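Below is one structure; the comments refer to it alone.
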Amino acid sequence: MIIDCHGHYTTAPEPHNVWRETQKANFKAGGDVDPAYPDISDDEIVESIEKNQLRLIRERGADLTVFSPRASTMAHHVGNEDVSKAWTRRCNDLIKRVIDLFPETFVGVCQLPQSPGVDITHSIGELERCVNELGFIGCNLNPDPSGGKWNGPPLTDKAWYPFYEKMVELDVPAMIHVSGSCNPNFHATGAHYINADTTAFMQFIEADLFKDFPDLRFIIPHGGGAVPYHWGRYRGLADMLKKPLLRDHVMKNVYFDTCVYHQPGIDLLFRVIDVKNILFGSEMVGAVRGIDPETGNYFDDTKRYIDALPISAEEKAMVFEGNARRVYPRLDKILKTQGR
């Protein structure tokens with residue numbers, strides 16, 4: 001089967017977005033940051049999915065998407081912790097409704113109620129709720145909840161350790177995923193996202209996180225940011241820092257997706273990174289929605305690029321299915337329960 005590890009609910013019903021705008025306005029006015037949530041019908045959710053994600057999944061030949069709230073609107077830098085908590089819960093509950101309506105097409109990954117300067121331990125409760133009560137299989141972890149100011153501790157700081165302990169206990173991975181940028185120097189999807197992917201990888205090189213957490217698993221999206229393109233630089237920096245080879249130091253715990261929107265980029269990714277570390281992902285419907293004038297196909301139709309690779313059928317099966325089932329053990333259990 002074809003498992004897309006990277007999908008966001010970018011087409012949520014408009015009342016959900018209106019609620020968010022009301023919440024932000026209330027915060028500025030000193031009012032209720034968790035106002036009454038609108039009555040969104042199943043029909044509204046079905047329409048938002050069938051006309052968008054489900055239509056494209058069928059057209060492009062995929063089977064299942066690992067689905068999470070829209071990343072750019074997590075906006076952990078907006079408001080305060082109470083704002084983030086309320087918004088996060090509303091977003092995750094909406095994802096659960098999608099899964100319940102389309103149980104064979106979507107599985108959930110949760111947003112976290114992170115907030116600048118707030119201890120990451122405050123996000124543990126929502127992770128537990130989403131995994132244990134809602135049946136989600138992982139989380140999106142924002143390495144920069146400040147929204148582009150990068151004034152928090154690196155991912156390898158021990159301040160993150162209690163959250164990692166819970167991830168290991170629950171046996172769930174995290175996708176490293178920032179949100180919107182409030183820094184005008186960094187365009188959100190064109191710069192901030194790729195910066196964060198690259199920064200996270202370098203943080204992992206500098207420290208020894210995976211000695212402390214050998215079972216911790218991270219997916220770095222968007223093809224690993226700049227990492228594959230500069231693989232020699234990172235191998236060299238690891239050597240200069242007296243670290244082990246990257247395959248032993250980092251790559252037993254870190255995986256990249258295929259959200260790379262042209263064939264030469266995918267070709268490079270597969271030449272540089274071991275196939276066991278690559279998961280199929282499209283970010284559909286996501287950051288780049290148009291048609292590539294050079295090919296006549298949608299930029300984010302990433303399955304086409306993988307289909308065109310000169311790799312074996314066994315290797316393609318790893319990328320499309322096997323690696324995802326291994327990195328997300330709870331996904332594997334769900335699929336086995338469904339007889340897949």
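The values are calculated or read from the model by the stated rules, or taken from the named source; none is laboratory data. Remember, predicted model here, so these are calculated numbers, not experimental data. Note that we place each Cβ from the backbone using ideal geometry, even for glycine, and neighbour counts take in every protein chain shown. Note: areas computed on protein heavy atoms with side chains; ligands, DNA, RNA excluded. Shrake-Rupley method; radii C 1.70, N 1.55, O 1.52, S 1.80 Å.
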Summed side-chain charge close to Cys130 - residues other than Cys130 whose Cβ falls under 10 Å, Lys, Arg +1, Asp, Glu -1: -1
Restricting to the chain, what percent of DSSP beta bridges are antiparallel, rounded to 5? 5
Which far-off residues, 5 or more places away or on another chain, put their amide H under 5 Å from the one on Phe106, with H placed in the peptide plane? Thr65
HN-Hα J couplings of the stretch 233-246 from phi, Karplus 6.51/-1.76/1.60, θ = phi - 60°, integer Hz, Gly and Pro as x? 4, 6, 5, x, 5, 4, 5, 5, 7, 6, 9, x, 4, 4
If the chain between Arg326 and Ala313 were fully extended at 0.36 nm per residue, the gain over the current Cα-Cα distance would be 2.9 nm
Could you tell me whether the stretch 188-340 comes out rounded, prolate or oblate from its Cα gyration tensor? Rule is a ≥ b ≥ c as square roots of the eigenvalues, rounded for a/c under 1.5, then prolate if a/b exceeds b/c, otherwise oblate. oblate
Between Ala25 and Asp82, how many nm apart are label points set 7 Å from Cα along the C-beta direction? 1.9
Pick out, from Pro13, Asn80, Gly125, the residue whose Cα sits farthest towards the positive end of the charge dipole of the stretch 1-150, with +1 on the Cβ of Lys and Arg and -1 on the Cβ of Asp and Glu. Asn80
Could you look at the stretch 71-152 and say what percent of its accessible area is carbon and sulfur, using a 1.4 Å probe and all protein chains? 44
So the FRET efficiency between His122 and Asp157, C-beta based with R0 = 22 Å and rounded to 0.05, is 0.90
Computed for the stretch 1-121: size of charge dipole around the Cα centre, +1 on C-beta of each Lys and Arg, -1 on C-beta of each Asp and Glu, debye to nearest 20, value 360
In the stretch 227-266, which trypsin sites (Lys or Arg not before Pro) are in a loop and have at most 12 other Cβ atoms within 10 Å, using DSSP for the loop call? Lys242
Counting only GluC sites (Glu not before Pro) that sit in a DSSP loop (anything but H, G, I, E, B) with at most 12 other Cβ atoms within 10 Å, what is the longest stretch of the chain containing none of them? 105-293
Point-charge dipole on Cβ atoms (K/R +1, D/E -1) for the chain, about Cα centre, debye to 20: 680
Going through the stretch 127-196, which trypsin sites (Lys or Arg not before Pro) have at most 14 other Cβ atoms within 10 Å and a DSSP loop state? Lys149
Please list 3J(HN,Hα) in residue order for the stretch 202-209, calculated via the Karplus relation 6.51 cos²θ - 1.76 cosθ + 1.60 where θ = phi - 60°; whole Hz, with x for glycine and proline. 5, 4, 5, 5, 5, 10, 10, 4
The FRET efficiency for Lys252 and Asp43, from their Cβ-Cβ distance with R0 = 51 Å and rounded to 0.05, is 0.65
Which of Cys182, Val227, Leu331 sits farthest toward the positive end of the charge dipole of the chain, with +1 on the Cβ of Lys and Arg and -1 on the Cβ of Asp and Glu? Val227
Amide H proximity to Asp144 below 5 Å, modelled H, separation 5+ or other chain, gives none
